[in-house]
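Since the structure comes first, as structure tokens, the remarks are kept for the end.
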Amino acid sequence: MAFIKENEGDFTNTLYYLNLYYLFKADKKVLDKMMDLASDNELKGYKFTDAEFFYAFFQANLYYVFGGVLATFLFLLVLIIKNKINKRDVLIPSIFLTSFIALFFFTINFGLDSHKGIITNDNTFLMDEPSAGANLVEKVGKGHRVEILSKNDIWYEILWDKEKVYIRENNLALIN
């Protein structure tokens, strides 16, 4: 779909579909293509971090990650049971198991909570409050990628130039 949109000259939807594809493949070529398109069109928000790569890798390999986690959990559990039966110290394997479970719990519940969106309309107003009567912060064009912080009725709170601003939901396409 991104290829079709690119041939139509619709870089906003091209970037949208490339972002979705990147979440499921974590392919460096896709990342390079997004960076090139964003650079050519002078768009903000397309600097990718290691955390975003980890999230994309995690999404693309979800079943393998959970399989590895389950195998590690079972290995540590069997090691603890075997040490207990042989009357050996179970403190070290127990610490590893507890640490592993805590890390996995944290990663699943708190570590992968990054939501992004792409501005879909030209002349989109970014406001300082979630209201049409609020002060205008900036008027931006389509294609910019932003981090979504929260949602309040028909408004999304986003980060724009390291500042919290609000955008109407009909001006934003959600990526993840």
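The values are calculated or read from the model by the stated rules, or taken from the named source; none is laboratory data. This one's a predicted model, so the numbers in the text were calculated from it and none came from an experiment. Methodologically, a virtual Cβ is constructed for each residue, glycine included, from the backbone with ideal geometry; neighbour enumeration extends over all protein chains shown. Note: accessible area is taken over every heavy atom of the protein model, side chains too, but ligands, DNA and RNA are not part of it. Shrake-Rupley method; radii C 1.70, N 1.55, O 1.52, S 1.80 Å.
For region 86-138, how many residues are open to solvent by 70 Å² or more (accessible area, probe 1.4 Å), modelled with pLDDT of 90 or more and not in a loop (DSSP other than H, G, I, E, B)?
Going through region 86-138 one residue at a time, the tally reaches 2.
Tell me, which residue of region 58-78 that is modelled with pLDDT under 85 and surrounded by 14 or more Cβ atoms within 10 Å (Cβ to Cβ) is farthest from the chain's Cα centre (by Cα)?
Within region 58-78, the match that is farthest from the chain's Cα centre (by Cα) is 69.
I'm checking my understanding of the structure. Among residues of region 164-176 that are part of a strand (DSSP E or B) and out of contact with any Lys or Arg (no Cβ under 9 Å at 6 or more places or on another chain), which one is surrounded by the fewest Cβ atoms within 10 Å (Cβ to Cβ)?
Looking at residues that are part of a strand (DSSP E or B) and out of contact with any Lys or Arg (no Cβ under 9 Å at 6 or more places or on another chain), I get 164.
Report, by residue number, each residue of region 142-163 that is of a type in the set (A, V, I, L, M, F, W, C) and part of a loop (DSSP other than H, G, I, E, B).
154, the sole residue that qualifies.
Since residue 145 meets every condition but one in (1) among the basic types (Lys, Arg); (2) open to solvent by 30 Å² or more (accessible area, probe 1.4 Å); (3) within 26 Å of residue 39 (Cα to Cα), which condition does it not meet?
Failed condition: (2).
Where the second residue is in a loop (DSSP other than H, G, I, E, B) and buried (at least 22 other Cβ atoms within 10 Å of the Cβ) and the first is modelled with pLDDT of 95 or more and lies in region 151-167, which pairs have Cβ atoms under 9 Å and are six or more apart or on separate chains?
none
Taking the options 16, 21, name whichever one is open to solvent by 30 Å² or more (accessible area, probe 1.4 Å) and touching a strand residue (DSSP E or B) at 6+ places or on another chain (Cβ under 9 Å).
It is 16.
Need pairs with beta-carbon distance below 9 Å; first residue over 14 Å from residue 104 (Cβ atoms) and within region 68-86, second open to solvent by 60 Å² or more (accessible area, probe 1.4 Å) and of a type in the set (Val, Ile, Thr); sequence gap 6+ or separate chains.
Correct list of pairs: 83/92.
Can you run down the residue pairs with Cβ atoms below 7 Å, 6 or more apart or on separate chains, where the first is in region 14-38 and modelled with pLDDT under 85 and the partner is open to solvent by 50 Å² or more (accessible area, probe 1.4 Å) and assigned to a helix (DSSP H, G or I)?
23/59; 24/59; 26/53; 26/57
Give the residue, chosen from 101, 175, that is within 19 Å of the chain's Cα centre (by Cα) and of a type in the set (A, V, I, L, M).
Answer to the check: 175.
Among 36, 40, 50, which is open to solvent by 70 Å² or more (accessible area, probe 1.4 Å), under 18 Å from the mean Cα position of the chain (by Cα) and under 21 Å from residue 146 (Cβ atoms)?
Result of the check over 36, 40, 50: 50.
How many residues are in a loop (DSSP other than H, G, I, E, B), among the charged types (D, E, K, R) and within 18 Å of residue 120 (Cβ to Cβ) when one looks only at region 5-52?
Total meeting the criteria: 4.
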